[in-house]
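Encoded as structure tokens, the structure appears first; notes follow it.
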Amino acid sequence: MVSNHLLTIHKTMTPSIRTPRRTPRATSQERQASLITAAASLFAAKGFKGTTTKEIAKATGVSEALLFKYFPTKRALYAAILAEKAQYSGLREAIEEAAKKQDDERLFTLLASYRIRKGADPTLLRLLLFSALEGHEMSDMFFRQQYRIFYDLLASYIHKRIEEGAFRPVDPLLAARAFFGVIVHHRLLHDIFGLPMHRTHEDTVTEYVSIFLGGLVSPPRKVRRREHP
């Protein structure tokens with residue numbers, strides 16, 4: 001009786017030992033993704049010159065040594081950011097398909113709606129502005145690897161449509177630059193300066209495409225009537 005009673009008291013007073021839960025370690029891909037996100041956010045907020053690798057490592061809770069393990073050079077990190085932020089999977093194929101069908105409205109809509117859409121990440125635009133102002137190599141990397149693909153594609157398409165008589169005889173390069181200029185200016189107003197939109201993203205894209213094509217498409221030729229003697 002006594003021994004059972006003492007055993008009960010001992011169990012009650014002895015604190016239970018719990019096995020500490022192990023926090024699941026981040027995988028290599030997850031850690032790499034977090035480094036890219038942190039670097040992009042810091043570069044977009046402080047610029048490239050104002051951001052150190054120490055700050056990037058600290059933001060993700062890792063050492064600089066581990067940061068350099070994933071990205072041995074800053075150029076490797078910049079390339080990874082571009083690959084993450086400037087994803088065009090499927091866009092080029094869709095544009096080329098629209099070009100084959102000579103679907104002007106769809107082609108221009110695809111280009112505009114990729115940037116002017118709800119939830120578009122303004123980080124890339126801020127990164128490119130900083131890189132251009134600071135004379136940073138990412139600006140050249142982006143233009144050569146990403147932007148120029150669609151810039152040349154649109155200019156080539158406009159040139160072809162001019163030869164077919166569908167578009168007015170204009171400078172294809174300037175026309176392509178003008179259209180992308182509309183998109184970039186829109187992003188500057190709303191993503192950088194914070195101007196509120198007064199129309200939906202879809203309506204805005206439709207209006208821009210309508211205005212641009214309205215000035216580009218050749219007017220229908222008037223058929224001259226023969227005068228009867």
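Which ordering of M138, M197 is given by a fewest-first count of other beta-carbon atoms within 10 Å? Spell out each step's value before the answer.
Details: M138 22, M197 13.
The most exposed by this proxy come first: M197, M138.
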Across K46/K118; K54/K118; K118/K160; K85/K118; K46/K69, pairs whose alpha-carbon gap is larger than 27 Å: K54/K118; K118/K160
Over the range 91-226, relative contact order from alpha-carbon pairs under 8 Å, at least 6 apart, %: 32
Protection proxy ranking, peptides 37-44, 200-207, 116-123, 157-164, average beta carbon neighbours within 10 Å, highest first: 37-44, 157-164, 200-207, 116-123
Within straight-line cross-link reach of K49, aspartates and glutamates at Cα separation under 13 Å, skipping those fewer than 8 residues along the same chain: E134, E137
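Which shape class applies to the range 27-85: rounded if a/c is under 1.5, otherwise prolate when a/b exceeds b/c and oblate if not, where a ≥ b ≥ c are the square roots of the Cα gyration tensor eigenvalues? Numbers along the way, then the final one.
Values: a/c = 1.43, a/b = 1.18, b/c = 1.22.
Because its axes are fairly even, with a/c under 1.5, the range 27-85 counts as rounded.
Values in this text are rule-based calculations from the coordinates and carry no lab data. In this text, all values refer to a predicted model and were calculated from it rather than measured experimentally. Every residue, glycine as well, gets a Cβ built from its backbone with ideal geometry; the counts of neighbours run over all protein chains shown.
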